[in-house]
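One structure is given here, and the rest of the page talks about it.
The values are calculated or read from the model by the stated rules, or taken from the named source; none is laboratory data. What you see is a predicted model, and the numbers here were worked out from it, not measured in a lab. Neighbour counts are summed over all protein chains in view; Cβ atoms, including those assigned to glycine, are modelled from backbone coordinates with ideal geometry. The protein model used for the area step is the full one, side chains on, heavy atoms only, and it has no ligands, DNA or RNA in it. Shrake-Rupley method; radii C 1.70, N 1.55, O 1.52, S 1.80 Å.
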Amino acid sequence: MSAAYATFGLAPAMRAGAVLAGGGYQIHRDFLDFVVDGRPLLFQLSDLDAVSPLASDVPPAIFTEQVHSLLLQAPAPLPGGRYVVYGCPECADLACGAVTAVIERDGDDYVWRDFAWQTGEDVDLERDGYHGTGPFRFRGEEYRTALRSLLDGTAPGTGRRRVLLIGARVALLARLAAALRTIGIGADITRDAQDVPADELRGYGAVAFGDTVGDAERAAVRRAFDAAGVDITCVDALAPIVPLLVAQIEHALDRAPADRRRLTRLAAADGEASVEVGSPCRVRLTAYRLDRLSRTHEEEVFDGVLEAGRHRIPLDPKAVRGRAFLVARTSSDVLVEAVPR
């Protein structure tokens with residue numbers, strides 16, 4: 001089998017959770033993505049809301065089983081030597097659809113080929129194949145080293161999925177904590193971090209400050225995390241709007257480097273939004289605003305697939321009147337921007 005060598009690696013990635021209109025939600029998932037020739041493999045497929053089998057929230061025994069499977073130390077789970085490369089982020093049921101590929105040995109090399117979208121035991125490559133993707137030939141030593149690092153603890157981590165919420169508006173923080181827990185992000189509420197043990201502080205990936213927290217209190221919290229040896233990401237609440245705050249926290253928890261994100265820029269000015277994406281993907285743009293009575297209004301202003309590059313999206317003046325904010329989402333990225341008045 002002939003195929004040029006490709007590099008193989010792993011990198012932290014996330015499927016962004018969200019609080020949706022009408023009380024719905026989608027789960028936040030942290031996982032390790034496959035990096036082929038320096039680029040996430042997920043980006044080389046179509047716009048896909050999916051996660052790899054190497055997710056941080058699966059039980060350790062199942063995670064280890066997945067690693068051994070990718071190393072071909074266990075039988076293929078699907079006929080024809082096919083393995084699930086990306087699956088449904090909500091339930092991992094094959095019936096929801098999954099990206100599969102044949103993984104096999106060729107001498108000391110590992111080859112991934114015949115990528116396809118699969119919803120049952122059998123697959124039709126002509127109809128459902130990802131034509132033009134692969135085959136990828138990986139050098140055995142590089143491939144094994146990357147995957148075995150998951151078993152010895154030297155692989156890149158998938159981040160810390162807990163957030164510390166600090167502020168005086170207990171009712172708002174309680175609603176925010178409930179929303180975060182619903183989508184799979186742990187959240188704790190406190191007035192300050194002075195009495196929180198260092199070991200507990202090390203478990204947080206971000207700290208979110210309510211708008212009533214003063215500069216001195218924020219500085220004290222940062223000192224507590226510094227003393228615990230934690231490089232913490234701080235979130236300053238833009239407005240008391242729970243879905244907006246969830247989006248801010250999702251962005252803060254994203255550890256992917258800029259060159260491995262689909263959504264790279266969001267800005268608002270002169271009645272339009274400027275959105276930049278690094279690869280073709282579906283983008284949803286939602287406007288949130290507070291009226292004069294501090295009531296929240298939400299409106300979807302765009303939902304569609306954008307090609308790589310920068311795009312201008314007109315904004316309905318009614319949707320961004322007064323104190324307004326934009327949230328842009330792909331399946332893996334979230335950006336938040338205040339709309340200039």
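Things worth noting here:
- Summed over all non-identical Cα pairs, the Kirkwood treatment of the stretch 59-107 gives a radius of 11.6 Å.
- Ordering of 235-247, 279-291 by packing [mean C-beta count within 10 Å, highest first]: 235-247, 279-291
- Reference-scaled alpha-carbon Rg (2.2 N^0.38 Å with N residues) for the stretch 160-255: 0.96
- Angle of helix 60-70 to the longest C-alpha principal axis of the chain, folded into 0 to 90 degrees and rounded to 10: 40°.
- For q = 0.11, 0.18, 0.21 Å⁻¹, Debye-computed log10 I/I(0) when each Cα of the stretch 8-152 counts as one equal scatterer: -0.40, -1.12, -1.54
- Along principal axes, Cα extents of the chain, largest first, whole Å: 66, 48, 31
- From most to least packed by mean Cβ count within 10 Å, the peptides 69-79, 181-191 give 181-191, 69-79.
- Surface/4 estimate of mean projected area, convex hull on alpha-carbon atoms of the stretch 197-325, nm²: 9.5
- No Cys partner within the rule (Cβ under 4.7 Å), the chain: CYS91, CYS234, CYS281
- Angle of helix 140-152 to the longest C-alpha principal axis of the chain, folded into 0 to 90 degrees and rounded to 10: 50°.
- Largest accessible area first, the residues TYR110, TYR5 order themselves as TYR5, TYR110 under a 1.4 Å probe with ligands, DNA and RNA left out.
- In terms of its alpha-carbon gyration tensor, the stretch 212-262 comes out oblate; a/c meets the 1.5 threshold, while b/c is at least as large as a/b.
- Dipole size of the chain about its Cα centre, with +1 on Lys/Arg Cβ and -1 on Asp/Glu Cβ: approximately 1020 debye, rounded to the nearest 20.
- Per atom type, the stretch 216-324 shows carbon and sulfur on 46% of its accessible surface, probed at 1.4 Å.
- Dimensions (Å) - the stretch 259-340, Cα atoms, principal axes, largest first: 41, 23, 19
- Each peptide in 112-121, 31-40 receives the mean, over its residues, of other Cβ atoms within 10 Å, and ordering these scores from highest gives 31-40, 112-121.
- Charged-residue dipole, Cβ positions (Lys, Arg, Asp, Glu), the stretch 8-152 about Cα centre, Debye nearest 20: 240
- Solvent-accessible area per residue for the chain (1.4 angstrom probe, square angstrom): 46
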